[in-house]
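Below is one structure, written out as structure tokens; comments come after it.
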Amino acid sequence: MKKILISTIAVSALFFTISCETDFDTDVSSIQVTNGEANFSKYVSLGNSLTSGFSNNALYIDGQNDSYPNIMAQQMKLAGGGAFVQPLMADNNGGLVLGGTVIQATKLYIKSFTNGAPDILNINATPTTNVATKITGSLNNMGIPGAKSFHLVTPGYGNIAGVSTGTANPYYVRFSSSATSRVLDDAIAQKPTFYSLWIGNNDVLSYATTGGMGTDQKGNTNPATYGPNDISDPAVVAGSIQTILETFKMSGATKGVIANIPSVTSIPYFTTVPYNPLTPAALGANLSVLNASLYTPLKQALTAFGAGNRINLLSSTSTNPVLIKDVSLTNLSAELTLALTPSLGAATAAAFGQIYGQARQSTGGDYILLPTKSVIGSTVSGAPASINVYGISYPLENQHVLTAAEAAKVKAAVDAYNASIKSLADSYGLAFVDANAKMNELNGLSGIQFDGVKYTAKFVTGGTFSLDGVHLTGRGYAIVANEFLKMINQKYKSTLPMVEVNRYQGVTFPK
């Protein structure tokens, strides 16, 4: 196996040509692997699902073995690193059981393809990982799926009694040292000589993946008052991370690496379904019927109220946007009802007013969520038969779409988080990984090349994202591990070798 170090020059060149075989093409087989100024004898990782090895919407043994901290730890062993122990799940099915009830489903897989689209299902198995079965002993990977920044410094996050109320995390319950412990304190108890920290994604991700079904808590610095889908105040994220770094420093662990937050709207969960998926061929003869009976009357009525730009007639020559509900719009239900009553009758006009009062067609600034793909074109239960097709004659609901206005809130939060993370990395003298920049590279046309294999952020075929559209494959985690190793080498003058990305798990296709 060729030992390789990332060449910055080679990476830069990659963006101008795709003829390179790999972006990790500096052969260092003759260079002795050293730890430099770092001590890798006790490496501890903190973070969320991305640190745990979560993949295909589940945590399972093979995914954990491909976690980026575990991949890094194997390279650190070449330079004096010690054992790296993870809180492994009981099986490769994924999922969790508590009190005999399944509280987390099994992992996803591709059953087949229909017209080129994957049929993705949960594997047919019963989870065997019991939340109540405690894992004891020394642990190195403190990646907690679902954890936000402040959860790592909150006592009781591993209390089994809090799982049902949402104040505790079942994954942390499995290995928390007590019902009142903090993740941070359990990490410090391991006496780390080196650590990694990647946290903050979930402080904004759940807001985005639920189509903005939460509150932007900017200005509210009390996370105890937050809902599960709220955007955390930037001061809360920065304060939580600083508490973690300061506690490590006070314990004697002064060397480590920290990463910033990728732009969440650049992942396949948000980029796979276009805002305008309705082709004239798919609409067929319904196109002219919809224009005559729905879009034209709506357009005329909305125009009279100064909101004619919400709806345009369906095109017979190009793709068309879906109808969505935008709760940020002025609600024109009463006005529409009044205007349509003479032609439709009071009852039907009232239904139209209620349905289309905040409706508009999507634009390029909106993000149609990955699960919404199966909703578009489906029948809306209880709606009038003539206007009961989601996205075509009936607006997609708020939770189906991250609107442009909601996406702007997400971007503002991520930008603020990342500014603080970079500042803290510099202040504490840590290695810094620009994960946001790496995500932008994956989203580029060239993607990332490794030994002749091209990796991108494209859903399924890109090779880096798993079937949930949010978490990485083993190969995606290997790319992340290489970025961490590169910055560790640069900061601490170590010569840890990069890993061969193609050796790790990608997307599994049906045989």
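The values are calculated or read from the model by the stated rules, or taken from the named source; none is laboratory data. Keep in mind it's a predicted model, so treat the numbers as computed, not measured. Quick reminder, even Gly has a Cβ in these numbers, built from the backbone with ideal geometry, and neighbours come from all protein chains shown. The area values use the complete protein model at the heavy-atom level, side chains included, leaving out ligands, DNA and RNA. Shrake-Rupley method; radii C 1.70, N 1.55, O 1.52, S 1.80 Å.
A few notes on this one:
- In the set (1) surrounded by fewer than 19 Cβ atoms within 10 Å (Cβ to Cβ); (2) among the basic types (Lys, Arg); (3) under 30 Å from Glu37 (Cα atoms), Lys299 fails one condition alone, (3).
- Residue in the stretch 72-81 that is within 27 Å of the chain's Cα centre (by Cα), farther than 24 Å from Ile421 by Cα and of a type outside the set (Ser, Thr, Tyr) present: yes
- Tyr43 vs. criteria touching a residue at least 12 places away in the same chain (Cβ under 8 Å) and open to solvent by less than 20 Å² (accessible area, probe 1.4 Å): yes
- Among residues of the stretch 340-352, those that are in contact (Cβ under 8 Å) with a residue 24 or more places away in the chain and among the β-branched types (Val, Ile, Thr), counted: 1
- In the set (1) in a helix (DSSP H, G or I); (2) of a type in the set (Lys, Arg); (3) within 23 Å of Thr271 (Cβ to Cβ), Lys299 fails one condition alone, (3).
- For Thr136: the one exception among (1) touching a strand residue (DSSP E or B) at 6+ places or on another chain (Cβ under 7 Å); (2) modelled with pLDDT under 95; (3) hydroxyl-bearing (Ser, Thr, Tyr): (1)
- Residue under evaluation Gly63, criteria (1) open to solvent by 10 Å² or more (accessible area, probe 1.4 Å); (2) farther than 20 Å from Tyr157 by Cβ; (3) within 18 Å of the chain's Cα centre (by Cα); (4) not hydrophobic (A, V, I, L, M, F, W, C), criterion not met: (1)
- Scanning the stretch 397-448 for residues that are open to solvent by 50 Å² or more (accessible area, probe 1.4 Å), touching a Ser or Thr at 6+ places or on another chain (Cβ under 9 Å) and closer than 21 Å to Gly463 by Cα returns Asn440, Asn443, Leu445.
- Every condition in (1) within 22 Å of Pro234 (Cβ to Cβ); (2) part of a helix (DSSP H, G or I) is met by Gln490 except one, and the failing one is (1).
- Which numbered condition Ile376 fails, given (1) open to solvent by 30 Å² or more (accessible area, probe 1.4 Å); (2) free of Cβ contacts under 8 Å to residues at least 60 places away in the same chain; (3) among the hydrophobic types (A, V, I, L, M, F, W, C): (2)
- Restricting the stretch 105-131 to residues that are more than 24 Å from the chain's Cα centre (by Cα) and without any contact (Cβ under 8 Å) to a residue 40 or more places away in the chain, the residue that is farthest from Thr193 (Cα to Cα): Asn115
- All conditions but one from (1) modelled with pLDDT of 95 or more; (2) open to solvent by 30 Å² or more (accessible area, probe 1.4 Å) apply to Ser362; the one that does not is (2).
- Among residues of the stretch 208-225 being open to solvent by 40 Å² or more (accessible area, probe 1.4 Å) and in a loop (DSSP other than H, G, I, E, B), the one that is farthest from Gly365 (Cα to Cα) is Asn222.
- Residue in the stretch 302-331 that is farthest from the chain's Cα centre (by Cα), counting only those that are part of a helix (DSSP H, G or I) and under 24 Å from Ala405 (Cα atoms): Thr303
- Screening the stretch 449-478 for residues that are over 16 Å from the mean Cα position of the chain (by Cα) and open to solvent by less than 10 Å² (accessible area, probe 1.4 Å) and picking the one that is farthest from Asn202 (Cα to Cα) gives Phe450.
- Residue match in the stretch 296-307 (condition: farther than 26 Å from Thr330 by Cα and at pLDDT 95 or above): no
- For the residues Pro170, Pro192, the requirement of being modelled with pLDDT of 95 or more and under 18 Å from Gln242 (Cα atoms) singles out Pro192.
- Among the conditions (1) assigned to a strand (DSSP E or B); (2) touching an Asp or Glu at 6+ places or on another chain (Cβ under 8 Å), Lys454 misses just one, which is (2).
- Within the stretch 256-313, the residues that satisfy the criterion of being hydroxyl-bearing (Ser, Thr, Tyr) and within 30 Å of Ile421 (Cβ to Cβ) are Ser263, Thr265, Ser266, Tyr269, Thr271, Thr272.
- When the stretch 305-339 is limited to residues that are in contact (Cβ under 8 Å) with a residue 60 or more places away in the chain and open to solvent by less than 30 Å² (accessible area, probe 1.4 Å), the one that is nearest to Lys373 (Cα to Cα) turns out to be Val322.
- Residue in the stretch 272-283 that is touching a strand residue (DSSP E or B) at 6+ places or on another chain (Cβ under 7 Å), closer than 22 Å to Asp434 by Cβ and of a type in the set (A, V, I, L, M, F, W, C) present: no
- Within the stretch 320-330, not a single residue is among the acidic types (Asp, Glu) and over 18 Å from Leu396 (Cβ atoms).
- Taking the criterion of being touching a Gly at 6+ places or on another chain (Cβ under 9 Å) and under 21 Å from Gly476 (Cα atoms), the residues of the stretch 73-84 that qualify are Ala73, Gln74, Gln75, Met76.
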